[in-house]
1. Would you call residue 138 assigned to a helix (DSSP H, G or I) and either crowded, with 21+ Cβ neighbours inside 10 Å or at pLDDT 85 or above (or both)?
2. Hey, residue 231 hits all of (1) in contact with a Leu (Cβ under 7 Å, 6 or more places away or on another chain); (2) under 27 Å from residue 79 (Cβ atoms) but one; which does it fall short on?
3. Evaluate segment 144-166: report whether one residue or more is outside any helix (DSSP H, G or I) and surrounded by 18 or more Cβ atoms within 10 Å (Cβ to Cβ).
4. Which of the residues spanning segment 185-203 are buried (at least 16 other Cβ atoms within 10 Å of the Cβ) and outside any helix (DSSP H, G or I)?
5. Are any residues in segment 257-298 farther than 15 Å from residue 117 by Cα and either modelled with pLDDT of 90 or more or among the aromatic types (Phe, Trp, Tyr) (or both), and if so, which ones?
6. Might you let me know whether segment 205-215 holds any residue that is in contact with a Lys or Arg (Cβ under 6 Å, 6 or more places away or on another chain) and modelled with pLDDT of 90 or more?
7. Could you please find all residues in segment 211-234 being surrounded by 20 or more Cβ atoms within 10 Å (Cβ to Cβ), outside any helix (DSSP H, G or I) and aliphatic (A, V, I, L, M)?
8. In segment 187-198, which residues are under 16 Å from residue 55 (Cα atoms) and without any contact (Cβ under 8 Å) to a residue 12 or more places away in the chain?
Amino acid sequence: MLHALGFVARYGRFVLVIGLIAGLVLPGVALALRPWLSELVLLLLFLTAFRVGLPSALEGLTQTRNTFGIVLVYQLVLPLLCIALFAIFGLAHSPVAIALTLMLAAPSLTANPNMAVLLGQAPEPAFRLLILGTLVLPITIIPIFWSSPALGNLTEAVHAALRLGLSICVTIVLAFSLRAIIRPEMRKPEVQALDGLTSLALVVIVIGLMSAVAPALSTAPWTLVKWLLVAMAANLGLQALSYVGLRRFGSKHSAAPMALVAGNRNVALFLVASSATQTDEFLLFLGCYQFPMYLTPILMRPLLGHPGSSEKLR
């Protein structure tokens with residue numbers, strides 16, 4: 001079993017492509033998985049926290065100030081700039097403005113540490129951004145929702161963010177505790193097997209998130225193309241720009257895993273937090289957003305997989 005999961009880990013970036021294809025050709029499976037997405041995301045977080053372990057996570061506390069600054073730029077400065085830019089052109093209530101604002105306001109995708117591993121990077125920098133970004137979300141979304149009434153009810157959004165923060169804290173504590181009890185020191189084959197297991201979990205999740213895309217292929221193909229271009233440009237463009245900026249301003253060793261977070265956000269969180277997400281346009285954007293997200297280990301490898309930016313895997 002360890003060898004089989006290790007094989008999956010070695011080819012994890014291609015396994016994710018299989019998940020995207022499966023989401024398109026198996027719409028029934030995608031719809032069946034959709035109600036379980038929250039639980040699957042927490043399972044993925046558990047596997048990631050178990051892999052990192054408490055000692056490695058604590059090592060990163062010395063860089064909390066730098067991490068907090070990046071979180072504020074990602075989750076507060078960028079969405080406020082987005083709101084201001086669209087407001088200048090009178091487009092603050094447009095579907096694209098709402099989708100991009102919510103994307104920028106969202107915390108890190110739970111899978112980003114796993115994406116870092118698939119790119120040959122250390123998962124710890126992305127994991128720090130994931131945890132800190134999620135914990136401060138109830139605070140950072142307040143000025144964003146206040147600045148853009150089109151995003152819906154602020155009280156509901158804060159309550160949803162608080163519930164998510166509590167769920168994540170419980171999941172991480174459980175993962176760290178079990179790691180300390182049953183596997184304080186993991187052998188390399190065990191780490192590779194765990195990476196393979198997380199790749200399989202990612203496949204299941206992406207199938208569920210693709211449930212809105214398959215119908216649009218036949219009913220609204222040009223609308224689908226438009227949203228796909230928006231999602232690709234926003235996700236991959238932010239990753240590239242963030243990588244260049246982080247290397248330029250002193251975060252060379254963790255630039256690649258931190259740049260992943262700039263484009264790959266947990267946008268699905270707002271499905272339960274904002275009435276603005278209950279539209280066909282946003283659901284289609286969310287489905288299209290899975291393509292650049294799960295193709296990141298392939299498309300961004302030439303840039304983010306550069307050995308000069310890697311941290312040694314623990």
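1. Values: assigned to a helix (DSSP H, G or I): yes; either crowded, with 21+ Cβ neighbours inside 10 Å or at pLDDT 85 or above (or both): no.
Taking the combined requirement at face value, the residue does not satisfy it.
2. (1)
3. Quick first cut of segment 144-166, residues outside any helix (DSSP H, G or I) only: 148, 152-153.
Retained after the next criterion (residues that are surrounded by 18 or more Cβ atoms within 10 Å (Cβ to Cβ)): 148, 152.
Within segment 144-166, one or more residues are outside any helix (DSSP H, G or I) and surrounded by 18 or more Cβ atoms within 10 Å (Cβ to Cβ).
4. The one that is buried (at least 16 other Cβ atoms within 10 Å of the Cβ) and outside any helix (DSSP H, G or I): 186.
5. Our first condition is that a residue be farther than 15 Å from residue 117 by Cα; within segment 257-298, this holds for 262-263, 265-292.
Residues satisfying the conditions are 262, 263, 265, 270, 282, 285, 288, 289, 291, 292.
6. Quick first cut of segment 205-215, residues in contact with a Lys or Arg (Cβ under 6 Å, 6 or more places away or on another chain) only: 208, 211.
When the remaining residues are screened for being modelled with pLDDT of 90 or more, the result is none.
No, every residue in segment 205-215 fails to be in contact with a Lys or Arg (Cβ under 6 Å, 6 or more places away or on another chain) and modelled with pLDDT of 90 or more.
7. Hit for segment 211-234 is 212, nothing else.
8. Of all residues in segment 187-198, those under 16 Å from residue 55 (Cα atoms) come to 187, 191.
Within segment 187-198, 187 is the sole residue that qualifies.
The values are calculated or read from the model by the stated rules, or taken from the named source; none is laboratory data. What you see is a predicted model; the values in this text were computed from it and never measured. Note that we place each Cβ from the backbone using ideal geometry, even for glycine, and neighbour counts take in every protein chain shown.
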